[in-house]
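Let me begin by presenting the structure, written as structure tokens, before commenting on it.
Since every read-out is calculated from the coordinates, none of them should be taken as a lab result. From a predicted model like this one, the values you see are computed outputs, not experimental measurements. Cβ sites come from the backbone with ideal geometry, for glycine too, and all protein chains shown count toward neighbours.
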Amino acid sequence: MGLLATLLASCGSGNSTEQTVSGLNPADFDSTINGKQTELVTIKNAKGMEVCLTNYGGRVVSISVPDKNGKMTDVVCSYDNIRQYADTTNSPSDYGSSVGRYANRIKNAKLTVEGKTYNLRPNDNGNCLHGGGNTGWMNKVYDIQAKTDSSVVFAITSPDGDNGFPGTVKATASYTVKADNTLDIVFEGTTDKETVINMTNHSYFNLNGDLSKPGDNMVAYINADKFTPADSLYIPTGEIKPVEGTPMDFRKPHPLSDHINDFSYDQIKNATGYDHNWVLNTFKNGKGDDKTVAASLYSPVTGIFLEVYTNEPGIQMYTGNFQGTGIACKHGVKYPKHVSVCFESQKFPDSPTKFTTKTPGWEVSNPYLKPGEKYHSHLAYKFSVK
């Protein structure tokens with residue numbers, strides 16, 4: 001039986017029919033994929049903040065937080081059923097996923113480890129994006145290692161040679177809803193052979209409460225004096241440039257619409273919006289300060305304010321430039337281009353290439369993990385109103 005047929009046979013087989021605050025039916029996530037059970041996990045805090053996730057790709061499906069009037073508002077893009085997530089032909093997505101083994105791009109899908117070159121799975125103009133895309137971790141069924149009312153731990157074992165990457169990696173993605181309306185995320189991993197690892201969460205945020213309309217009215221801030229310019233295929237050139245005097249300067253919060261369509265600037269033109277890595281000021285002397293705001297997003301419509309914290313050296317802001325596909329998503333809504341903003345904490349894109357070749361400035365972004373070492377990455381999304 002094919003994957004889709006298996007899904008058709010098993011979707012809706014669960015017993016739970018009570019909808020979540022975000023309007024999801026947990027039964028729509030009950031399935032068996034490649035012999036593993038999928039489900040919807042709901043975690044929340046005493047204030048009523050609710051986060052729904054599925055172990056398919058370790059994905060965030062909804063985040064419900066109060067707006068300035070106390071109305072619970074779902075602030076992320078997603079699907080509302082397992083069938084669409086698993087159908088990578090007709091509805092491919094990275095919505096809300098726990099991305100691995102390597103988030104973002106690796107040039108020419110080639111990786112050098114201990115002097116040996118490994119050929120990775122190319123899935124983006126000859127490059128390797130998000131660990132191989134359709135066959136990467138975002139489309140694997142994670143094990144649910146632990147679960148409480150306010151937290152869940154997803155676990156995955158990636159075998160040696162998985163999409164070409166060396167080493168067997170055992171990794172976890174832990175999601176916790178804290179009392180202060182923070183979704184706290186910790187990624188950890190170990191390996192039995194030297195490899196690279198760079199995990200992130202790929203939630204698409206729209207704080208306006210209406211995902212049928214573009215979100216470029218939202219006000220963004222990024223705590224970064226510099227960014228890494230990219231070529232037309234989104235691979236960093238190796239330069240690290242100041243944001244001063246460019247549309248990349250978000251040190252003072254301003255609406256995305258100010259420059260998101262400024263095609264006179266090549267970086268915006270190439271990406272048809274923002275899809276770039278910023279060099280965070282919060283990372284100094286080889287250590288990230290995850291107590292200081294790295295980035296933020298604000299909706300003047302709902303008053304919802306998102307602050308992002310991380311210990312990583314870089315953050316990718318992506319403005320949904322590939323949305324507008326016409327696919328009916330959660331609750332039947334078709335998302336337009338620029339509907340959302342992703343803030344992906346990370347090692348810089350193509351770090352395996354740039355670090356190996358000792359590209360100046362890339363020494364802060366070491367993606368390599370050796371046996372006996374432990375990978376640890378922290379990302380927090382804190383919600384409030386103002």
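Could you check how many percent of all C-alpha pairs in the chain are farther apart than 25 Å?
Everything past 25 Å amounts to 52 percent.
Could you calculate the contour length gain from K36 to V333, that is, 0.36 nm times the residue separation minus the distance between their Cα atoms, to one decimal place in nm?
104.0 nm
Name the residues whose placed amide hydrogens come within less than 5 Å of the amide hydrogen of R251, ignoring near sequence neighbours (fewer than 5 apart) on the same chain.
Residues meeting the criterion, in which the H sits 1.01 Å from N, are I222.
Which length gain, in nm to one decimal place, applies between N321 and D143 when the Cα-Cα distance is subtracted from 0.36 nm times their residue separation?
My answer for the length gained is 60.9 nm.
Got a sec? Charge dipole of the range 221-305, +1 on Cβ for Lys and Arg, -1 for Asp and Glu; which of T237, S257, F227 is way out at the positive end?
F227
Restricting to Cα pairs below 8 Å that are 6+ residues apart, what does the relative contact order work out to for the range 108-176? Please round to a whole percent.
That works out to 24 percent.
Can you compute the modelled spin-label distance between S264 and K116, with each label point 7 Å from Cα toward Cβ, in nm?
So the label points at S264 and K116 sit 5.3 nm apart.
As a footprinting exposure proxy, order C128, C329, C77 by other Cβ within 10 Å, with the fewest listed first.
Arranged by neighbour count, lowest to highest, C128, C329, C77 become C329, C77, C128.
Can you list the residues, at least 5 places off or on another chain, whose amide H is less than 5 Å from the amide H of N281, using H built in the peptide plane?
Those lying under 5 Å, H to H, from N281 are A224, D225.
Return the lysines within reach of K107: Cα separation strictly under 18 angstrom, same-chain partners fewer than 8 residues apart disregarded; answer none if there are no such residues.
Within the straight-line cut-off, K107 pairs with K116, K347, K354, K358.
Please name whichever of Q323, P371, Q267 sits farthest to the positive end of the charge dipole of the range 219-385, dipole taken about the Cα centre and charges placed at Cβ: Lys and Arg +1, Asp and Glu -1.
P371
Check cross-link reach from K269 to the aspartates and glutamates: straight Cα distance under 20 Å, and skip same-chain residues fewer than eight apart.
Excluding near neighbours in sequence, the set is D124, D216, D231, E239, E244, D249, D258.
Taking amide H atoms as placed 1.01 Å from N in the peptide plane, list the residues 5 or more away in sequence, or in a different chain, whose amide H sits under 5 Å from that of E50.
HN-HN under 5 Å from E50: S64.
Report, in deg cm²/dmol and to the nearest 500, the calculated mean residue ellipticity at 222 nm for the chain, where each DSSP H run with n ≥ 4 adds -39500 (n - 2.57) and the sum is divided by the residue count.
Taken over the chain, the calculation gives -1500 deg cm²/dmol.
Using a simple spin-label model with points 7 Å from Cα along the Cα→Cβ vector, what separation in nm is obtained for H254 and S212?
Reported label-point gap for H254 and S212 is 3.2 nm.
Pairs K68/K252; K213/K241; K110/K193; K178/K284: which are spaced more than 21 Å apart, C-alpha to C-alpha?
From K68/K252; K213/K241; K110/K193; K178/K284, over 21 Å: K68/K252; K213/K241; K178/K284.
Please report E363, E188 as a ranked list, fewest other C-beta atoms within 10 angstrom at the top and most at the bottom.
Ascending Cβ contact count within 10 Å gives the list E363, E188.
Suppose we keep just the alpha-carbon trace of the range 219-385; what are its Rg and Dmax in angstrom?
16.4, 49
By average Cβ neighbour count within 10 Å, what is the ranking of 338-349, 201-212, 170-181 from highest down?
Top to bottom by mean Cβ count within 10 Å: 338-349, 201-212, 170-181.
Tell me which aspartates and glutamates have Cα within less than 19 Å of K47's Cα, excluding those fewer than 8 residues away on the same chain?
Straight-line reach from K47, under 19 Å: D67, D74, D149, D180, D184, E307.
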